[in-house]
Amino acid sequence: MRIPNHTIRMPKFTTAPLQIKEWFILFLCITTTSALSQKLPPLAELYTSIDSFYAAEIHANLLEFQEDKKGEWLKYVPNVGLTYTVAGDPRPSVSFSTGVLYQAKRDKQRNAARRRSIGEKGALQAMRARGQVAKLYATYLLKLEALEFRRELLAIDEQLFLMEVDRYERGEISPGDFLKAKRGWLLKQQEVRDMEMELEVLRQEILVGCFRGGR
């Protein structure tokens with residue numbers, strides 16, 4: 001008895017029936033690779049990076065004052081000379097310039113004020129950077145939660161599309177209906193990839209704001 005041939009004729013723009021699932025699995029493996037292979041460190045660790053950067057910057061800015069101090073003692077060296085008594089005998093003399101002493105005191109006060117200013121400005125910059133990173137970090141967590149929910153929906157969409165693949169292989173839907181289902185599936189994958197890319201850009205922005213260079 002001859003068995004009727006029920007082989008489904010596939011349109012020219014698709015692969016053979018037995019290759020559709022293989023194509024789908026390969027495509028899924030390629031496109032579902034997450035851009036977020038690395039998550040952000042804890043916020044406290046990012047704060048530490050910010051504080052370390054500004055502490056190093058403050059230290060570098062204060063180095064010029066260490067260089068200036070090397071010759072400061074010369075300002076307090078008295079002037080040594082000779083004077084003569086009434087009888088005409090030479091006698092050594094020591095004198096100080098009150099103007100030099102006053103200027104040295106002013107310089108010391110001014111340098112101390114500049115050192116305090118450098119330290120306080122660095123601390124304010126660190127606080128400002130912390131605030132900006134905290135805001136971005138909160139946005140990142142919200143977007144990450146939305147992405148994880150969208151991935152759960154994508155897993156359901158995957159099963160629905162596989163059901164459409166099976167129906168197409170059995171000849172239960174037309175090539176046009178299959179292409180519509182395929183187009184919808186691809187668009188949903190693209191939505192997830194766009195969300196992943198947006199989140200990765202935000203992650204890099206946060207890391208740069210913490211002076212971690214994308215690490």
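Computed from the coordinates by the stated procedures, all read-outs in this text should not be read as laboratory data. What you see is a predicted model; the values in this text were computed from it and never measured.
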Sequence order, segment 46-60: Karplus ³J(HN,Hα) from phi using 6.51 cos²θ - 1.76 cosθ + 1.60, θ = phi - 60°, Hz rounded, Gly and Pro as x, gives 5, 4, 4, 5, 5, 4, 5, 5, 6, 5, 5, 5, 4, 4, 5
The ³J(HN,Hα) series, computed from each phi in segment 187-201 with the Karplus coefficients 6.51, -1.76 and 1.60 at θ = phi - 60°, rounded to the nearest Hz and given as x for glycine or proline, is 5, 5, 5, 5, 4, 5, 5, 5, 5, 5, 5, 4, 5, 5, 4
